[in-house]
Amino acid sequence: MKTSLFAMIVTTMATALAAAETVNFDDMKAGVPPPGWTATQTGSGPAKWSVEKDASAPSKPNVLKQSGQATFPVCIKNNANIKDGFVQVKFKPVSGEEDQAGGVIWRCKDADNYYIARANALEDNVTIYHTIKGRRVAFKNTNTKVTSGMWHTLRVDFKGNQFTVTFDDKKVIEANDNSFTEAGKVGVWTKADSVTLFDVFSYGAK
């Protein structure tokens, strides 16, 4: 009985680990968008997504950098399809006069339809939104210090219509929304003139 229970626990843990993926960008060519991702934007203006070398990277040598000025630059992981699970990234807001934001997206249908959680170093807050047909609407927000020029960790756990946002290992938002109920892709997001670095992008089903 004990052996069977142990085997079941090990199998469950192995399945959970197998379902999780991490992308560090370290084995990718610098100067171009990452292969296997859709580097695009919501709205107008040119987004500029590229893998770049960065000495401060949590996982050296490369990061994913956004340095364009689109309405909402978004980079989508193509082969992910998750209904209930998590998405997490380390990000560093570098500069921007209008915004200094970094975010994650989930249940993404395309560049105009997805959920976002983002942290903003100019506003010192974390906000959760849905974007429907290109229109972004916030449904919960909390004030918290987001330091420019430093690496932070942003994570969202999602199950059904319930979402938990964690920023630098602290739970900052719990929210409900029913806009997107089906499985979708995951990815990263910025806004306007934000120059933002991303690294150690992790996601998985639960």
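Points worth noting:
- Assuming charge only on the beta carbon of Lys and Arg (+1) and of Asp and Glu (-1), the dipole of the chain about its Cα centre is about 400 debye to the nearest 20.
- Less than 5 angstrom separates the built amide H of Thr42 from those of Phe72, Val74, all sequence-distant by 5 or more or on a different chain.
- Using alpha carbons only: equivalent-ellipsoid semi-axes of the chain, gyration tensor based, whole Å: 27, 20, 17
- In nm, spacing of pseudo-spin labels at Lys83 and Thr71 (7 Å Cα→C-beta vector): 3.1 nm
- Computed from the Cα positions only, the extents of region 48-88 along the three principal axes stand at 35, 27, 15 Å, in decreasing order.
- For Ser59 and Thr181, the difference between the fully extended length at 0.36 nm per residue and the C-alpha to C-alpha distance is 40.6 nm.
- Pairwise alpha-carbon distances in region 13-103 exceed 17 Å for 56% of all pairs.
- For the chain, calculated [θ]222 nm from helices alone, where every DSSP H run of n ≥ 4 adds -39500 (n - 2.57): -3000 deg cm²/dmol
- Cα-based Kirkwood hydrodynamic radius, region 79-126, one decimal, Å: 12.2 Å
- Here the calculated FRET efficiency for Asn141 and Ser44, from their Cβ-Cβ distance with R0 = 35 Å, stands at 0.90, rounded to the nearest 0.05.
- Size of region 105-169 from its Cα atoms: along the principal axes, largest to smallest, the extents are 31, 23, 18 Å.
- Each eigenvalue of the Cα gyration tensor of region 136-206, multiplied by 5 and square-rooted, gives one semi-axis; in descending order these are 22, 15, 14 Å.
- Looking at region 60-206, the accessible area is 40 square angstrom per residue; that uses a 1.4 Å probe and ignores ligands, DNA and RNA.
- Separation of the Asp169 and Lys206 label points, Cα + 7 Å toward Cβ, nm: 1.9 nm
The values are calculated or read from the model by the stated rules, or taken from the named source; none is laboratory data. Keep in mind that what you see is a predicted model, and the values were worked out from it rather than measured. Because the Cβ atoms are built from the backbone with ideal geometry, glycine has one as well, and the counts that use them run over all protein chains shown. What goes into the accessible areas is simple: the full protein's heavy atoms, side chains included, and nothing from ligands, DNA or RNA. Shrake-Rupley method; radii C 1.70, N 1.55, O 1.52, S 1.80 Å.
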